[in-house]
Structure formats: structure tokens, C-alpha cells
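Quick notes on the structure that follows.
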Amino acid sequence: MNKLAKRAWFALALAGVLLVGLLVIVVRYFKDSPDWVTFQNNPHVYNNGVMDSGTVVDRDGTVLLDATDGRSYADSETLRKAMLHLLGDTEGNITPYLLNEYGDELIGFDRINGTHHTGSGSGELRMTLSADVQRTALNALNGQKGAVGVYNYKTGEVLCMVSSPTFDPLNVPDVNADPERYDGVYVNRFLHATYAPGSTFKLVTSAAALSEMDDLQTRTFHCEGSAQIGSETVICNGVHGDVTFEQALAQSCNVAFAQLAQELGPEVLTRYVARIGITDSIAFDGLTTKRGHFDLSDATTYEAAWAGVGQYTDQINPCQFMVYMGAIANGGEAALPHLVESVTFGGKEKYSAETEMTDRILSRQTADALAEAMHYAVVTNYGEWNFGGLYAGAKSGTAERGEGQAADALFAGFVQDPDYPLAFFVVVEGGGSGSAACTPIVQQVLNACIAAMQ
């Protein structure tokens with residue numbers, strides 16, 4: 001009897017182990033099977049190393065990539081270059097993140113029928129991007145290294161995301177033979193790079209000051225071209241005399257913002273950097289942005305003040321900062337970006353994007369006051385004609401680099417219009433003055449966006 005009992009218990013234990021194993025397999029199947037089916041060695045899905053994944057089109061139906069039988073790119077060379085960092089190249093140097101993320105939907109896979117329907121229909125991935133805007137942005141950069149991004153902060157639709165340098169995937173250059181021209185060509189600068197923000201960071205210091213200082217908008221700052229902060233001197237870009245907060249932002253007065261940063265202190269600045277999300281990443285459509293950097297733990301009084309101006313070791317990511325612009329324009333919160341609008345297979349919808357909002361980044365009072373100050377900068381400094389005559393706010397930045405290197409030019413802002421709720425970010429590496437290098441790009445790209453949305 002004891003032997004029978006032991007055998008019975010052993011059989012039950014074995015059955016339990018088998019049941020647990022079966023449950024693990026079932027759970028893993030439902031969780032990971034979309035990744036398994038798009039694994040590159042699957043002969044039912046791949047043809048000569050290329051996934052037979054249907055077509056990718058822009059918001060208006062323009063074909064960006066046809067992968068129904070091999071891989072065929074857009075007819076326009078400029079458009080092929082503009083889309084390289086999102087759709088990848090034929091040699092696998094640039095990951096086609098969107099095809100990887102939505103590959104199972106594009107090939108018609110489902111967890112019950114597997115790839116049974118593969119080949120009986122075709123998939124289509126519709127992007128939020130506009131082909132015309134992409135071409136416009138790349139042409140506006142005119143071969144300069146940098147990035148351009150524009151999105152609808154109400155819905156999250158990205159209309160433009162271009163990174164340069166780039167190349168034609170149908171005419172792959174010898175990158176190693178021209179390292180200067182193609183430096184960082186495999187990196188999507190808008191998503192996976194960070195930059196010293198220069199004076200665009202004054203929009204972060206401004207948010208902290210507007211929230212923490214009740215008298216900010218009635219104060220006057222005096223600028224004689226420099227100011228002693230701690231044991232060192234902050235140099236301004238001019239002699240501004242007595243200026244209000246709005247005037248200090250519009251004229252990008254380093255003295256006023258160094259004084260504000262000193263008064264706010266490292267703890268408050270660090271708290272607002274975290275609240276705004278500068279040091280966080282954003283994930284969407286299988287993409288994750290690079291985190292920015294802000295650390296005053298070992299900073300001197302001067303270094304902390306210099307960080308509030310946008311230098312020291314500050315780093316921002318273009319995509320994240322674009323979302324911050326959207327939050328300022330939208331009363332303190334904004335839609336998270338997305339590039340993919342829908343995926344269909346055989347005419348049936350497999351995926352449809354939904355608008356997701358950020359947490360509240362700023363109070364409505366702070367956001368509205370900052371948006372008004374940025375609009376004042378457009379009216380008095382940058383010129384309303386650069387924004388299609390629409391109500392806009394903006395801030396330029398000129399970020400110092402190493403000795404002997406031209407400064408990076410940056411420009412961030414928004415359009416506040418019920419029909420065109422757009423936020424943007426532009427960076428031109430080595431471009432020098434932020435407004436001079438970037439406003440012509442912004443003007444062309446915003447005009448193209450407005451046309452695409454009509």
C-alpha cells in the first residue's frame with residue numbers, strides 16, 4: 001500500500017509539473033507569439049531576408065514602402081532619404097522599428113489561426129506622417145546635420161520626423177569613405193540623440209519661476225551685459241538694461257535667467273526638470289526616445305546658474321522637448337506622439353491608434369502664462385510671418401560646443417490654432433544662431449503641415 005501511495009503521489013506531482021509547464025507555454029505563446037512569427041528565419045514570412053509585410057503609406061495614401069514581394073521604396077529619392085530612419089535600409093544597418101513592431105498585424109497573423117491567412121491578402125500600415133512635409137523638411141535642412149519634428153499636440157499625430165544626414169536606401173554610399181559627411185548617419189537624431197539645449201532650456205527655468213515666484217511678472221531685471229554669480233561671471237548676449245520677465249525671455253537675457261536659476265536653487269530646478277520629463281524617455285510604436293540629462297549634485301553656484309540658462313551638462317531629447325512644447329500650448333498637458341495611424345490586413349482593421357495624454361506637466365495658469373510670453377517673443381523678435389500668420393509661440397537656442405566648433409542652433413515652439421494645433425522642434429548642428437538658422441526651416445515645414453492638414 002505504501003508503494004502504491006508513493007507512486008500515486010509521484011504521478012500527481014508529475015502531472016502537476018506537466019500542467020504548470022503547459023500553462024507556461026500557453027502564456028508565453030499568447031504573449032510572445034507575435035515576436036516569434038516575425039523572427040527573421042521564418043520562411044513563411046521572409047523572402048530573401050525581407051519580410052513580406054505589405055505596404056506602408058503616408059496619411060494621404062502615398063506609398064512609402066512596398067514589401068509585398070521583396071522591398072520597394074518610394075519613387076521620390078528625397079522621400080526615400082527622409083524616411084530612412086523610420087523604415088530602415090536593405091542592409092540592416094538601420095532598424096525598421098515600425099515594421100518590427102507591427103509585423104504580425106501586417107502579415108495577418110492571429111493567435112488562433114497563426115499564419116494560415118498569410119498570402120491570402122495584403123497588409124497596409126498607414127502613418128500619420130505627410131510625404132510632402134517630409135520632403136520639405138529634408139530639403140529645408142539642405143544637407144546640414146540635425147533633425148526636424150512636428151506633431152499635433154491634441155491628437156498625437158506626428159506629421160514630420162526627419163533626421164540628417166541620411167542616404168538613399170536604393171543607392172547606399174560608402175559611409176566609411178566620407179566619415180565627416182555621414183557622421184552619425186545610422187542614428188535617428190530626433191529620437192535617439194540628445195543636445196545641449198542652450199536658451200531653449202530657459203522655458204524650463206521659466207516654468208519653475210512662474211510656478212514658484214508670485215511676483216515674477218511684476219519684477220524687473222537689470223542687465224549690464226554680465227553678472228557675477230558665485231566666483232565667476234555670466235556673460236550675456238547683449239546689454240539689455242532693465243527688462244521684465246517677458247522681455248528677458250524674448251531677448252534671451254542670460255543675466256536675468258542666471259539670477260532666476262540662482263534664486264530658485266538646484267532642488268527646485270531639478271524637481272521641475274523631472275516633472276517636465278527632461279530626464280525621462282517616451283515610448284511609442286516600438287520606439288523609445290533617449291533620456292535627457294540634468295544633474296546639479298556637484299554643481300557650484302555658478303554652474304547651477306549656468307544650467308538654468310541651458311548650458312553646463314544639460315542635455316535634452318528633441319522628441320521629448322517637442323511634447324513639452326505641446327503641453328505649454330495645451331494648458332499643461334499634451335497628447336503623446338504616435339507615427340502609426342492604423343494597420344489593416346485584407347481590408348480588416350488589425351490596429352488603430354488611440355490618443356493618449358501625458359500626465360499634467362504644468363498647471364494651466366503656468367502653461368498659459370508661459371505660452372503668452374513665448375507669443376510675445378514671436379511678435380517682438382522672431383516675426384509672426386514665419387508662422388503662417390497664425391498665433392504662435394517660440395524660443396530659440398544657441399548651444400555652445402567645444403572650442404573652435406560652431407554652436408548648435410535650436411528652435412522650439414507651437415502654433416495655437418483650433419485647426420492647426422502643432423508643436424515643433426528643430427536642431428541644426430553647427431548652425432550658429434538658433435533663430436537665424438532655424439526660422440526659415442520652421443516657416444517652410446509649418447506651411448507644408450498646414451497644407452497637409454487642410
Exercise. Could you check how many residues of the stretch 344-375 are more than 23 Å from G149 (Cα to Cα) and part of a strand (DSSP E or B)?
Key: 6
Quiz item: Could we say that R181 is among the basic types (K, R) and part of a helix (DSSP H, G or I) here?
Solution: no
Quiz item: Would the stretch 279-302 turn up any residue that is in a helix (DSSP H, G or I) and free of Cβ contacts under 8 Å to residues at least 24 places away in the same chain?
Solution: no
Quiz prompt | First in the stretch 205-224 and among the aromatic types (F, W, Y), second anywhere and in a helix (DSSP H, G or I), Cβ under 9 Å, 6 or more apart | solution = F221/F245; F221/Q247; F221/A248; F221/V255; F221/A256; F221/F257; F221/Q259; F221/L260
Quiz item: Does the stretch 266-274 include one or more residues that are at pLDDT 95 or above, among the small types (G, A, S) and either in a helix (DSSP H, G or I) or farther than 28 Å from Q217 by Cβ (or both)?
Solution: yes
Exercise. Output the residues belonging to the stretch 416-438 that are polar (S, T, N, Q) and modelled with pLDDT of 95 or more.
Key: Q416
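For (1) assigned to a helix (DSSP H, G or I); (2) more than 23 Å from the chain's Cα centre (by Cα), each residue gets a yes or a no:
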| site | (1), (2) |
| --- | --- |
| A377 | yes, yes |
| N381 | yes, yes |
| N386 | yes, no |
| K395 | no, no |
| T398 | no, no |
| E403 | no, yes |
| A409 | no, no |
Self-check item: Matching residues in the stretch 159-188 - criterion: being touching a residue at least 40 places away in the same chain (Cβ under 8 Å), open to solvent by less than 20 Å² (accessible area, probe 1.4 Å) and either of a type in the set (K, R) or in contact with an Asp or Glu (Cβ under 9 Å, 6 or more places away or on another chain) (or both)
Solution: F167, D168, P169
Self-check item: Whichever residue in the stretch 330-346 is open to solvent by 10 Å² or more (accessible area, probe 1.4 Å) and in contact with a helix residue (DSSP H, G or I) (Cβ under 9 Å, 6 or more places away or on another chain) and, among such residues, is nearest to G265 (Cα to Cα)
Solution: E333
Quiz item: How many of the residues in the stretch 291-318 are on the phi > 0 side of the Ramachandran plot and either in contact with a Gly (Cβ under 7 Å, 6 or more places away or on another chain) or surrounded by 24 or more Cβ atoms within 10 Å (Cβ to Cβ) (or both)?
Solution: 1
Practice problem: Assess whether V442 counts as being among the hydrophobic types (A, V, I, L, M, F, W, C), under 28 Å from Y312 (Cα atoms), part of a strand (DSSP E or B) and within 21 Å of the chain's Cα centre (by Cα). | Solution: no
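Residue by residue, here is whether (1) under 15 Å from the mean Cα position of the chain (by Cα); (2) part of a strand (DSSP E or B) holds:
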| site | (1), (2) |
| --- | --- |
| L125 | no, yes |
| G149 | yes, yes |
| K154 | no, no |
| P173 | no, no |
Quiz item: Somewhere in the stretch 386-403, is a residue acidic (D, E), out of contact with any helix residue (DSSP H, G or I) (no Cβ under 7 Å at 6 or more places or on another chain) and at pLDDT below 95?
Solution: yes
Quiz item: Out of the stretch 93-110, which residues are open to solvent by less than 60 Å² (accessible area, probe 1.4 Å) and farther than 15 Å from V343 by Cα?
Solution: I94, T95, P96
Self-check item: Unique match (being at pLDDT 85 or above and surrounded by fewer than 23 Cβ atoms within 10 Å (Cβ to Cβ)) among T55, T118, T90, T68
Solution: T55
Self-check item: Top-ranked residue of the stretch 255-290 - restricted to ones that are of a type outside the set (A, V, I, L, M, F, W, C) and open to solvent by less than 20 Å² (accessible area, probe 1.4 Å), ranked as farthest from the chain's Cα centre (by Cα)
Solution: G265
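The values are calculated or read from the model by the stated rules, or taken from the named source; none is laboratory data. None of the values given here were measured: they were computed from a predicted structure. Positions of Cβ are backbone-derived with ideal geometry, glycine not excepted, and every protein chain shown enters the neighbour counts. Surface areas here come from the heavy atoms of the whole protein model, side chains and all, with no ligands, DNA or RNA. Shrake-Rupley method; radii C 1.70, N 1.55, O 1.52, S 1.80 Å.
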